[in-house]
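Below is one structure; the comments refer to it alone.
A short reminder: the numbers here are calculations on the coordinates, not readings from a lab. Computed from a predicted structure; not experimentally measured. With ideal geometry, Cβ positions are generated from the backbone for all residues, glycine too; neighbour counts draw on all protein chains shown.
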Amino acid sequence: MDVESAFLNGFIMEEVHVEQPQGFENFYFLNHIFRLKKALYHLKQAPKAWYDRLKCFFIENCFNIEKIDTTLSTKRKGKDILLVKIYVDDIIFNATNESLCKEFLTCMQD
């Protein structure tokens with residue numbers, strides 16, 4: 001699963017200010033800078049903000065985040081297991097039961 005807007009879905013915790021981007025200048029306030037409320041693509045805080053938000057989602061949905069590889073999460077349901085691996089803005093997942101994959105896909109789309 002490719003999350004196209006992954007780095008636009010992170011909330012940044014620290015205060016970040018940026019200059020007005022070329023082509024988007026506000027001519028009434030040329031000397032003003034912007035304070036960001038959400039992450040932007042190419043912002044160095046964007047990947048961390050995305051991972052933090054995803055981690056909160058996994059914790060809320062009873063996933064176990066692995067200690068050695070924190071980009072790997074697991075969820076057990078009876079004898080079945082769902083494995084979820086995060087790689088930049090891609091999510092790779094598989095399960096021993098197809099219904100767990102469908103459930104995860106629906107949950108992520110929501």
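List Asp90, Asp52 from most exposed to least, where exposure is judged by having the fewest other Cβ atoms within 10 Å.
Numbers: Asp90 11, Asp52 15.
Going from least to most buried by this count: Asp90, Asp52.
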Put a dot 7 Å past each Cα toward the Cβ at Cys62 and Gln22; how far apart are the dots in nm?
5.3
Grab the Cα-Cα distance for Val88 and Leu105, subtract it from 0.36 nm times how many residues apart they are, and report the gain in nm with one decimal.
4.3 nm
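Which net charge results for the neighbourhood of Leu82, defined as the other residues with beta-carbon distances under 14 angstrom from its beta-carbon, given Lys and Arg at +1 and Asp and Glu at -1? Walk me through the numbers before you get to the answer.
On the way: positive: Lys75, Arg76, Lys77, Lys79, Lys85, Lys102; negative: Glu66, Asp80, Glu98, Glu103.
So the environment of Leu82 carries a net charge of +2.
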